[in-house]
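Q: Below you'll find the structure I mean.
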Number of protein chains: 2
Amino acid sequence: MTERPVAARAFAAPVPADAPFDLESDVVVVGGGGGGLPAALFARWLGDEVVLLEKAPELGGTARKAAFWYWVPNNAPMRELGIADTEEDFLRYVARLSRPDRYDPAAPTLGLGEWEYALCRAIYESASPAAELLRERGALPYRHCRDVPDYWSELPEDKAPTGRVLVPEGARESMSDGGEVGVRTMSEAAARDGVDIRTGHRVQRLVTADGAVVGVEASTTDGATVRIRARKAVIFATGGFTHDRELRENFLSAPVYGGCAAITNEGDFVRIASSVGAQLRNMNYAWMCPIPLEKAVARRADLVGMFSVAGDSMIFVDKRGRRVVNEKLPYNELAQEFFRWDPTSGEYPNLVLIQVWDQRSQDHSASDEYGRLIVPPGTDDGHVIRGGTLDELAAAIAERLERYRAHTGGLALAEDFAANLRASIERFNGFAERGVDEDFGRGERAVQQLFNGLVKDEPGRENPTMWPISGAGPYYAALVTGGTLDTKGGPKATPDGQVVDDLDRPIAGLYGVGNCVASASARAYWAGGATLGPILAFAYRAANAAHAEPVREAAPAVTSA
Amino acid sequence: MTERPVAARAFAAPVPADAPFDLESDVVVVGGGGGGLPAALFARWLGDEVVLLEKAPELGGTARKAAFWYWVPNNAPMRELGIADTEEDFLRYVARLSRPDRYDPAAPTLGLGEWEYALCRAIYESASPAAELLRERGALPYRHCRDVPDYWSELPEDKAPTGRVLVPEGARESMSDGGEVGVRTMSEAAARDGVDIRTGHRVQRLVTADGAVVGVEASTTDGATVRIRARKAVIFATGGFTHDRELRENFLSAPVYGGCAAITNEGDFVRIASSVGAQLRNMNYAWMCPIPLEKAVARRADLVGMFSVAGDSMIFVDKRGRRVVNEKLPYNELAQEFFRWDPTSGEYPNLVLIQVWDQRSQDHSASDEYGRLIVPPGTDDGHVIRGGTLDELAAAIAERLERYRAHTGGLALAEDFAANLRASIERFNGFAERGVDEDFGRGERAVQQLFNGLVKDEPGRENPTMWPISGAGPYYAALVTGGTLDTKGGPKATPDGQVVDDLDRPIAGLYGVGNCVASASARAYWAGGATLGPILAFAYRAANAAHAEPVREAAPAVTSA
């Protein structure tokens, strides 16, 4: 997958409905990824005519690059298996993690704002009906991941620590191609059931009449403007702003380099909805993930987040050669460690960390799935740095970092890097021999073992996340930083996906679902699939609310001659 | 100062200029604090008629609560003293701190975005002319603080480490009343020179005609709507969004409880400017400061930030009784330490820290200036927790924290708090005896000694920030968290204060200065007065640009009968 041409961004201010439309439909869905495809399907199945506009040359968005786990509380297989997952318990778990500083189990909304609480209830209520309808219609058959734990399964608030994750049926055993499978099955269902799909259409702005949204204007890759009427509603599902540097730098709580969202996710809906008075929410947080520095700097469309940091004889060290983090933290948590601020030196000392591994991990943990950096021979290994000895490796790392100075605030290896690296390895090896990481607790939590990746089997080993790093080379390394899967912020929308104005009143005819609107998760990454599960719920609710909208007159009375 | 009634917020969408105005002027300034007063003065001195609208019952805003240092690069006293401060050096210093992860001394804009770079140049160019004009006209006479260091004076990029700070003439020796003095002298000059000042006027929305801003609508405290025409321009200087919980939680990089901005700073301009298509920038960062937990939770209008953590026989400990921070970090840096995330426990373990001191610090470091928590007898000491022994103190702290459980995510003292506190004191006392803090480097930097506050003189002591804590009671404590002075984000504006649309084109007639618009400082707090110095520069530039605007017709052609 490479970067492909899309129309350039133009002025986002709305235009009045005083010119003819090129096309019309009951519902216009903008974006054909993990939010737009189900929204279009749900709307179509309700009997609405649906046009789906996708900016890229192909459908799929970020979802196509994902494993497409989807987190569905109280899902049908859980109910069949008798696994209890009550709404009350679910809400406590999500509230505890979303606003830990405000969590109050005795408060009516558990410390969440009213809006966040309402959204979390909507997830509980609608994720399972949405998943079942997609399954029943053959658009997204699934298999149940009975044993996959939530990312905070040890918390006392998690009363259903495993069983909430579904994955597209037909995905391979490792599930890494779930997104390709899910996008394919939903796309096929959309074509089968009569959704009018148009790729290469970048929506630039809304068309409004009497304060309501009645359509959109899109640019095609050949420069034409197409004006599409929505009799009932426009539903945006255009993803976040991972690939807009200015938005990233001015909104996110951490100065990431980018991430692995679809390269077309440039915050279009932030601008389009703001221009009709929408409020923005949750602009500070993102679904985070470690990413390889070099692909991020190059803005490679094929960048995949490091969901799994594989290897047992493997550590991360900082520019001084010191181990500073638990390498097996779940990705959202690990990614934030790169942005710890040093209030004395005035820098992000961990902005780039160095993954170091030996031949054992190279032989037994290599894979090109889930963004792993220990890759097999014959795959894209431009990021791998090599050295026959630790000193040679250190020299090669120093040289590689030098190439990126202009992108890293001049980050360079300290002079004592190699010496400290040796000491770090020695200390780590002691922990590995005992299976206990006294510094960072590596491998202590279920989720850390879930994402351990491939490692050589060692019978009787209690902690499979660690093994001593060899005293003899060759050694390998790669540069890692923190990034996003995608951002979490955008216009504030009701539990039915209706985008609201600055007094929380719905803007008639305007809907949003997915990463293009504000998530109720605040800073939390509740579990694997906590992106797509809620997105399906909101797509379902938005399609139902849009279906109930009145047909709006597109052309207002002409106001001047 | 207590909370006073202001008009409630209403719908922020603009209204057309199709109804008569109650009042008109060349320039309308919204907000009468540290940005609005100078903007009104500069506009008036250019010959424009000026109406100034202030939401609160009195002028002054946040500035009145401040020491009103203002940071002016290459200021007149520096030039007279022969202290070199070139534009090139200044830009390197600010760029290095604002975007440390992107800083590149070899790049044309030093790693900053073009917009940020242009704003930093404008500060260098205009802060001194602005300060001189205010001085010459008697609106803000100053004295030069020759020896006050920048907050990062040890960085190699700081070529003028002292001398950039000015303070209102007539402020007391400690400078803590600089804001009252500066607001008074500027207010008197505004009245003297014919600025039409109207307090108790909350601007709700813009009045627009043909895409240009031609006035505002304000609500008065008695519920009336007043419509004011601006022939040339409206300049907003309404402060940040410190006192809007939903904006704080959804934009700031840290979940603060609030801060010491004027209680009327609720993000009004975020909503008003967004509704005409302004872009928002730097919404993630704030001017930060430690604050007392209890006043923040109570939303006390008299809350003052802890600029100076006084006391030598004094430490901060966490809920487990462990020292976790350098207590003498400059306030912006110290405030961020409260929000360190623990990726394993899923909490902010330092959300509330406990300042502990003994009778020595009580006797010698008490003051009610600069937000200090060690206060003299007879002053407001509701925040002080007391114990005859460390065990009694621990019990009293536990009881106090219990009252705030609903606001702190259930934060409570660990069972081994008292034991750990004893160990922390013992370790600290060893450092204090040697004058070297091996854990956190307390007192090592110039800025840490600048804000050391009052301490008992001990001849020959090299590090006056530390002294052993007594082995005998009584002991004292207070609860501290991180907050804002005010936020840094808002609409994006040009170096002349012109608010821009989503394609960076100025929205005709709309200006913003101060904390209500986006600061170019990103995450940095360059020096004391890095708020007000740049604000004066932008007030000066905005007034000049507004002066050059054409007079706009307020009433467009009537479009319908």
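Q: Take peptide A:269-279, look around each residue's Cβ out to 10 angstrom, count Cβ atoms belonging to other protein chains, and average those counts. Working shown, then result.
A: Numbers: counts 0, 3, 5, 1, 0, 7, 8, 3, 9, 2, 8.
Partner Cβ neighbours, averaged per residue: 4.
Q: Per residue and in cubic angstrom, what volume does the convex hull of the Cα atoms of region A:422-509 have? Intermediate values should be presented prior to the final figure.
A: Values: hull volume 18.6 nm³, N = 88.
Once divided by residue count, the hull of region A:422-509 is 211 Å³.
Q: Greater than 25 Å separation of Cα atoms is the criterion. Which listed pairs, A:LYS295/B:LYS488; B:LYS65/B:LYS159; A:LYS65/A:LYS456; B:LYS55/B:LYS492, meet it?
A: Working: A:LYS295/B:LYS488 32 Å; B:LYS65/B:LYS159 31 Å; A:LYS65/A:LYS456 27 Å; B:LYS55/B:LYS492 23 Å.
Those over the limit are A:LYS295/B:LYS488; B:LYS65/B:LYS159; A:LYS65/A:LYS456.
Q: How big is D, in µm² s⁻¹, for region B:112-166 by Stokes-Einstein at 37 °C and 0.692 mPa s if Rh is the Kirkwood radius over C-alpha pairs?
A: Working: Rh = 13.0 Å.
After rounding, the answer is 253 µm²/s.
Q: Test of the criteria: in region B:137-175, which trypsin sites (Lys or Arg not before Pro) are in a DSSP loop and have at most 14 other Cβ atoms within 10 angstrom of their Cβ? Write out the running numbers ahead of the final one.
A: Details: sites: B:ARG137, B:ARG143, B:ARG146, B:LYS159, B:ARG164, B:ARG172; in loops: B:ARG137, B:ARG146, B:LYS159, B:ARG164, B:ARG172.
Sites meeting the loop and neighbour criteria: B:ARG146, B:ARG172.
Q: For region A:223-271, what does the equivalent ellipsoid look like in terms of its semi-axes, each the square root of 5 times an eigenvalue of the Cα gyration tensor, given largest first in whole Å? Walk me through the numbers before you get to the answer.
A: Working: eigenvalues 147, 29, 18 Å².
Over the Cα atoms of region A:223-271, the semi-axes work out to 27, 12, 10 Å.
Q: Based on alpha-carbon centroids, what's the gap between region A:197-223 and region B:470-507 in Å, whole number please?
A: So the two Cα centres are separated by 37 Å.
Q: Which order do the peptides A:87-94, B:469-476, A:398-405 take when ranked by the mean count of other beta-carbon atoms within 10 Å per residue, highest first?
A: A:87-94, B:469-476, A:398-405
Q: Pop out the carbon and sulfur fraction of the accessible area of region A:429-506 as a percent, whole number, probe 1.4 Å. Intermediate values should be presented prior to the final figure.
A: Values: 1430 of 2980 Å².
That share works out to 48 percent.
Q: Report, in degrees rounded to the nearest 10, the 0 to 90 angle that the Cα long axis of helix A:532-547 makes with the longest principal axis of chain A.
A: Here the helix axis deviates by roughly 0 degrees.
Q: Can you tell me what the convex hull of the Cα atoms of chain B projects to on average, as an area in nm²? Could the numbers behind the result be given before it?
A: On the way: hull surface 106.5 nm².
Projected area, direction-averaged: 26.6 nm².
Q: Given the DSSP H assignment, sum -39500 (n - 2.57) over each helix run of at least 4 residues in chain A and divide by its residue total; what's the result at 222 nm in deg cm²/dmol, nearest 500? Show your work: numbers first, answer last.
A: Values: 14 runs with 150 residues, N = 561.
The per-residue figure over chain A is -8000 deg cm²/dmol.
Q: Now for a separate question. Hey, rough spin-label estimate for A:ASP18 and B:ARG320, points 7 angstrom out along Cα→Cβ, what's it come to in nanometres?
A: If labels sit at A:ASP18 and B:ARG320, their model points lie 6.7 nm apart.
Q: Quick query: amide H of B:LEU140 versus all other amide H atoms, modeled in the peptide plane; which residues come in under 5 Å with a sequence gap of 5 or more or a different chain?
A: B:ARG135
Q: A:ASP244 accessible area, nearest 10 Å², 1.4 Å probe?
A: Accessible area, nearest 10 Å²: 30 Å².
Q: Let me ask something additional. Give me the accessible area of A:TYR370, 1.4 Å probe, in Å² rounded to the nearest 10.
A: Accessible surface of A:TYR370 is approximately 40 Å².
Q: When the accessible area of each residue in region B:82-119 is compared between its chain alone and the complete protein assembly (1.4 Å probe; ligands, DNA and RNA ignored), which residues differ by at least 20 Å², being lower in the assembly?
A: At a threshold of 20 Å² (probe 1.4 Å), the residues of region B:82-119 that become less exposed are B:ARG96, B:ARG99, B:PRO100, B:ASP101, B:ARG102, B:TYR103, B:ASP104.
Q: Something else now. Using 0.36 nm per residue of separation minus the Cα-Cα distance, give me the extension gain between A:GLU462 and A:ALA10 in nm, one decimal. All intermediate terms of the calculation are to be shown ahead of the outcome.
A: Values: separation 452, 0.36 × 452 = 162.72 nm, distance 5.72 nm.
Residue separation times 0.36 nm, minus the Cα-Cα distance, leaves 157.0 nm.
Q: Using modelled amide H (1.01 Å from N, peptide plane; none on Pro or chain starts), what sits under 5 Å from the amide H of B:THR494, excluding residues fewer than 5 places away?
A: B:VAL499, B:VAL500
Q: Nearest 10 degrees, 0 to 90: what angle lies between the long axis of helix A:114-136 and the longest principal axis of chain A (Cα atoms)?
A: The two axes meet at around 90 degrees.
Q: Other chains' Cβ within 10 Å of B:521-532 residues: what's the mean? Each step should come with its number before you reach the end.
A: Numbers: counts 0, 3, 4, 1, 0, 0, 0, 0, 0, 0, 0, 0.
For this peptide, the per-residue mean of nearby foreign Cβ atoms is 1.
Q: Excluding ligands, DNA and RNA, what is the solvent-accessible area per residue of region B:420-536 at a probe of 1.4 Å, expressed in Å²?
A: Numbers: 3750 Å² over 117 residues.
Here the residues of region B:420-536 average 32 Å² of exposed surface.
Q: Evaluate peptide A:243-252: per residue, the Cβ atoms of other protein chains within 10 Å of its Cβ; return the mean as an integer. Walk me through the intermediate numbers first.
A: Numbers: counts 0, 0, 2, 8, 4, 1, 11, 15, 9, 3.
That average works out to 5.
Q: Could you tell me what a quarter of the Cα convex hull surface of region B:439-487 works out to, in nm² with one decimal place? Walk me through the numbers before you get to the answer.
A: Values: hull surface 22.9 nm².
Taking the Cα atoms of region B:439-487, their convex hull projects to 5.7 nm² on average.
Q: Okay, moving on. If you place +1 on the Cβ of every Lys and Arg and -1 on the Cβ of every Asp and Glu, how big does the dipole about the Cα centre of region A:4-148 come out, in debye to the nearest 20? Write out the running numbers ahead of the final one.
A: Numbers: 16 positive and 21 negative charges, 141 e Å.
Here region A:4-148 has a charge dipole of around 680 debye.
Q: In addition: So how tilted is helix A:178-192 from the main axis of chain A? Cα-based, degrees 0 to 90, rounded to 10.
A: For helix A:178-192, the angle is close to 20 degrees.
Q: Kirkwood hydrodynamic radius of region B:166-233 from all distinct Cα pairs, in Å? Could you put the intermediate results ahead of the total?
A: Numbers: mean 1/r = 0.0679 Å⁻¹.
Its Kirkwood hydrodynamic radius stands at 14.7 Å.
Q: Just by accessible area at a 1.4 angstrom probe, what is the order of A:VAL226, B:VAL304 from largest to smallest? Before the final figure, lay out each step's value.
A: Details: A:VAL226 25, B:VAL304 50 Å².
The ranking, largest first, comes out as B:VAL304, A:VAL226.
Q: Follow-up. For the A and B pair, go ahead and give the buried accessible area with a 1.4 Å probe, both sides summed, in Å² to 100. It would help to have the intermediate numbers written out before the result.
A: Working: alone 21310 and 21320 Å², together 37130 Å².
So the total buried area for this chain pair works out to about 5500 Å².
Q: How big is the accessible area of B:THR208 in square angstrom, nearest 10, if you roll a 1.4 angstrom probe over the protein chains?
A: Its heavy atoms expose roughly 30 Å² to the probe.
Q: I would also like to ask the following. Give me Rg/Rg_expected for the protein assembly as shown, where Rg uses Cα atoms only and Rg_expected = 2.2 N^0.38 Å with N residues. Please report the intermediate quantities before stating the final value.
A: Working: Rg = 29.5 Å, N = 1122, 2.2 N^0.38 = 31.7 Å.
So the protein assembly as shown has a normalised radius of gyration of 0.93.
Q: Provide the three semi-axes, in whole Å and in decreasing order, of the ellipsoid equivalent to region B:2-98 as defined by the square roots of 5 times the Cα gyration tensor eigenvalues.
A: Working: eigenvalues 258, 69, 49 Å².
In descending order, the three semi-axes are 36, 19, 16 Å.
Q: Also: Based on alpha-carbon positions alone, could you give the equivalent ellipsoid semi-axes of region A:247-364 from the gyration tensor, as √(5λ), descending, whole Å?
A: Values: eigenvalues 189, 64, 27 Å².
Gyration-tensor ellipsoid for region A:247-364: 31, 18, 12 Å.
Q: While we're here: Normalized C-alpha radius of gyration of region A:65-150, against 2.2 N^0.38 Å?
A: Numbers: Rg = 14.4 Å, N = 86, 2.2 N^0.38 = 12.0 Å.
That works out to 1.21 for region A:65-150.
Q: Sticking with this one: Can you sort A:SER174, B:SER98 by solvent-accessible area, 1.4 Å probe, largest first? If you can, show how the numbers build up before the last one.
A: Working: A:SER174 40, B:SER98 5 Å².
In descending accessible area the options line up as A:SER174, B:SER98.
Q: While we're here: With a 1.4 Å probe and all protein chains in place, put B:THR481, B:THR344 in order of accessible area, largest first. Could you put the intermediate results ahead of the total?
A: On the way: B:THR481 0, B:THR344 50 Å².
These residues rank, largest area first, as B:THR344, B:THR481.
Q: Mind grabbing the base-10 log of I(q)/I(0) for region B:495-539 at q = 0.20, 0.31 Å⁻¹? Debye formula, identical points on the C-alpha positions, no solvent, two decimal places.
A: Once normalised to I(0) and log-transformed, intensities are -0.68, -1.18.
Q: Binning at 10 angstrom from zero up to the longest distance, how are the C-alpha pair distances of region A:461-561 distributed in percent?
A: Using 10 Å bins, I get a P(r) of 12, 27, 21, 14, 12, 8, 3, 2, 0 for region A:461-561.
The values are calculated or read from the model by the stated rules, or taken from the named source; none is laboratory data. Small disclaimer: the values here were computed from a predicted structure and weren't measured. When we count neighbours, we look across all protein chains shown, and the Cβ atoms used for this are built from the backbone with ideal geometry, even at glycine. Quick note on the areas: whole protein, heavy atoms, side chains included, nothing else; ligands and nucleic acids left out. Shrake-Rupley method; radii C 1.70, N 1.55, O 1.52, S 1.80 Å.
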